[in-house]
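Just below is one structure, and these are the notes that go with it.
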Amino acid sequence: MFSPVPMRQMRVVVLARDKRAVLQGLGRLGVMHLMHAPAEMEGALLQPLDRTAERERCRQLLARIRDLRTRLECPAEAEGMDADVPDAGEAPAIEQAEARLAEHEATLAALDERQRVAQSRRGQLDTVIEQLTSFQDVALPFDALDSFSFLHFAIGTLPGPQWEALRGRLAENVVLVPLPRGGDRRALMAVTSRTGRFALETALQQAGFQPEPVPATSAVPAGMLLAQSREEQQRVDGELHQIRLARLGLAGTLAKPLARTERMLAVEQRMLEAEEQLPRTQQTVLVTGWVPDNQASGVTARLGEWTGGCCVVETTPADAVPPEQVPVLLRHSRLLRPFGLLIAGYGLPGYREIEPTLFVAISYMLMFGMMFGDVGHGAVLILGGALALARGPSRRVKDVGTLLAMVGFSSLLFGVVYGSFFGLARFHRYALWHDPLDGNPLELMAAAIGLGVVIISLGLVLNIVNRFRRRDWIGGFLDSYGVVGALFYWGVLGLLLKYAALRERGLVGLVVVLVVVLPIMAWALREPLVHALRRRTDPGAAAGKGGYLEAAMESVVEAFEAMLGYMANTISFVRLAAYAMSHAAVLMATFVMAREVEKLSSGGGFLSVLVIIGGNLVAIVLEGIIAGVQALRLEYYEFFSKFFPGRGRAYAPFSLADKPGSAE
């Protein structure tokens, strides 16, 4: 519960011929975190193969498949992993897959071209039909309009709002004939004398007139041409329908083959990435990685099966390896898993560091509940969490539901302490303590600071334990948050609390020396000691780090920062009391407003109920978000900063599945 999953390093030497079978087997298991060979071995081995070109080829083919699926509106299908991974030692048929993909693209390109041509013809026919609809009832020889000796005709469209303005500007020798036409532009035919031609064209141009050619002739009148165009339109519509059916058929035919090919290429891409981590000799390959300790024996047995016993396996417990090289795997119970997400937002613990999820869960719930204490509001959060757990489509949503339910339970308990139920004053008399706005606010502030002292002290203890587990003895004792830091913090708190009693006994000076002066002197010694140890173990590295005076000055600055940090971190927890009072104040203001609204002569009672409901909803949403963010801030800055650098390496096993199987 308080440590990451025990890990074991495995070094496996296999024949080059078995490399692919081993990687496929490890990928199916999904339990080995692959890594490069240790530095001391790299000089004796050849560099891993460079698979950049092959990986880029797979990437491009995958992009082409995704583009093809998008154009066909063909969703990706979930396929079984074993069906898509080639047999052990078998290389994927990428060339054949690329050739088939090119055929599919050519087929779709032909359909796209047919569709483009048909749609273009469909647009032309729409325009022609729209024009002919306007002219079918006009009994004029359209192809001979220019042959009239005394008349000039103009046929076209203009913006609808310009119609009346145009009529006002035209002379009396102009006849405007409106033609039936839908849309924003209005179709018309203007007729004037030959002498009035230029005046008409000037007025039409000013009105935004656009001339249109008339497709009808005396040999083929508009009505007949309209019927022919509509027949061709139906034929083009039928062709477009056939193209759509062909695309749907192609999508149905290619759905599974494309999914299999995509899966095969994705697997090959991961295989190539894994190969780039494997140093080698001419005949052998070295596979180095980490597996959970309880699975090491099973992996060893499977390696023997995949290679026919032609392999050498060496395992090393994680305790024999520098902790920064060991990947971290955290396994949480269902209740703690949501709080693991909060930790992951900051970082991961090192392999030899204490896993803080349980402490985070308890402290986060306490701080949230203290700021958001209300029985009704807590019950609403519990209900929301229960709905997320019951209906959530993914594990992440269910984890959020668990988090809501747990902080809601904490809010409910603090609501009992405060005697708050949706802010109703009648329940205050049942409080185990009192409402945050009742009584002396200093008591609530003292309780918040007390909780902060406990959380900060826990961070100090965890830091001391972590440093001792890493064998950092100097840091464990002399770090700002080590043994000396804890003595300083607890000593100053005791001095402040018992100052009057110590003053009566004349012990203030002695206590100040013990809990303030001596810790500061110890802090000042830390960097010089580290510098001296570094000069002794690695003189070359220490030469560029400055001298003892510089180290001592650095220690003094760190000591000063630590003193200010302890004070600021402790006072920061006053926000717990402030937001608890803010939550209560929002509810109190809600009922004050409700009483005023209730005085209205018409519908006052109903409106007051709406105000109470609305005020509680605002408090639940707004104050709930604030309480969650502030509790997380205190975790990150006041708690984690004492012991949790968050520099652990995540355990990321090599897997050919979308998610590691056994590693979950």
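The values are calculated or read from the model by the stated rules, or taken from the named source; none is laboratory data. A quick note: this is a predicted structure, and the numbers were derived from the prediction, not measured. Here the Cβ is made from the backbone with ideal geometry for all residues, glycine too, and neighbour counts use every protein chain on show.
Within the range 596-606, the residues that satisfy the criterion of being in contact with a helix residue (DSSP H, G or I) (Cβ under 7 Å, 6 or more places away or on another chain) and in a helix (DSSP H, G or I) are V597, E598, G604, G605.
Take the range 366-386 and flag every residue that is of a type in the set (A, V, I, L, M, F, W, C) and either outside any helix (DSSP H, G or I) or closer than 15 Å to A431 by Cβ (or both). Residues satisfying the conditions are M370, F372, V375. Can you find a residue that is within 19 Å of F639 (Cα to Cα) and among the charged types (D, E, K, R) anywhere in the range 481-501? No - not one qualifying residue is present in the range 481-501.
Taken over the range 387-424, the criterion of being assigned to a loop (DSSP other than H, G, I, E, B) and more than 20 Å from M588 (Cβ to Cβ) is satisfied by G392, P393, S394.
What are the residues in the range 365-376 that are surrounded by 24 or more Cβ atoms within 10 Å (Cβ to Cβ) and touching a residue at least 60 places away in the same chain (Cβ under 8 Å), if any?
If we filter the range 365-376 for residues that are surrounded by 24 or more Cβ atoms within 10 Å (Cβ to Cβ), which is where we start, we get 367-374.
Result: M367, F368, M370, M371, F372, G373, D374.
What about R20, is it assigned by TED's automatic domain parsing to the domain that holds P279, in contact with a Gly (Cβ under 8 Å, 6 or more places away or on another chain) and at pLDDT 90 or above? Yes; evaluated as a whole, the condition is true for this residue.
Taking T307 as the residue in question, decide whether it is of a type in the set (S, T, Y), under 17 Å from L15 (Cα atoms) and surrounded by fewer than 21 Cβ atoms within 10 Å (Cβ to Cβ). Walk me through it before giving the result.
Values: of a type in the set (S, T, Y): yes; under 17 Å from L15 (Cα atoms): yes; surrounded by fewer than 21 Cβ atoms within 10 Å (Cβ to Cβ): no.
Answer is no for this residue.
Of all residues in the range 194-214, those being basic (K, R) and either loosely packed, with under 13 Cβ neighbours inside 10 Å or closer than 17 Å to T127 by Cα (or both) number 1. If you check V517 against the conditions, is it outside any loop (DSSP other than H, G, I, E, B) and touching a helix residue (DSSP H, G or I) at 6+ places or on another chain (Cβ under 8 Å)? Against the criterion (outside any loop (DSSP other than H, G, I, E, B) and touching a helix residue (DSSP H, G or I) at 6+ places or on another chain (Cβ under 8 Å)), V517 does not qualify.
Whenever a residue of the range 335-347 is closer than 14 Å to F359 by Cβ, its partners that are surrounded by fewer than 19 Cβ atoms within 10 Å (Cβ to Cβ), lying with C-beta atoms within less than 8 angstrom and at least six residues away or across chains, give the pairs L336/L358; F339/H332; G340/H332; L342/L632; Y346/Y636; Y346/G646. Here L525, L496, L533 are screened, and the one residue that is surrounded by fewer than 20 Cβ atoms within 10 Å (Cβ to Cβ), part of a helix (DSSP H, G or I), assigned by TED's automatic domain parsing to the domain that holds G450 and free of Cβ contacts under 8 Å to residues at least 12 places away in the same chain is L496. Looking at V285, V312, can you tell me which residue is surrounded by fewer than 14 Cβ atoms within 10 Å (Cβ to Cβ), touching a strand residue (DSSP E or B) at 6+ places or on another chain (Cβ under 6 Å) and of a type outside the set (D, E)? On inspection, the qualifying residue turns out to be V312. Identify, please: which residue in the range 196-236 is part of a helix (DSSP H, G or I), modelled with pLDDT under 80 and not small (G, A, S) and is, among those, nearest to L158 (Cα to Cα)? Among those that are part of a helix (DSSP H, G or I), modelled with pLDDT under 80 and not small (G, A, S), it is L226.
Residues checked against (1) in a helix (DSSP H, G or I); (2) touching a residue at least 12 places away in the same chain (Cβ under 8 Å):
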site: M567; (1), (2): yes, no
site: L576; (1), (2): yes, yes
site: M588; (1), (2): yes, yes
site: S608; (1), (2): yes, yes
site: I612; (1), (2): yes, yes
site: L622; (1), (2): yes, yes
site: A627; (1), (2): yes, yes
site: P653; (1), (2): no, yes
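From the list L151, L170, L188, L176, the one residue that fits, being at pLDDT below 85 and within 23 Å of V128 (Cβ to Cβ), is L188.
Any residue at all in the range 230-251 that's within 30 Å of D50 (Cα to Cα), in the same structural domain as V31 (by TED's automatic domain parsing) and of a type outside the set (F, W, Y)? No: the range 230-251 contains no residue that is within 30 Å of D50 (Cα to Cα), in the same structural domain as V31 (by TED's automatic domain parsing) and of a type outside the set (F, W, Y).
Among the candidates L132, L140, L145, which residue alone is at pLDDT below 80, farther than 30 Å from T253 by Cβ and not in a helix (DSSP H, G or I)?
Matching residue, one of L132, L140, L145: L140.
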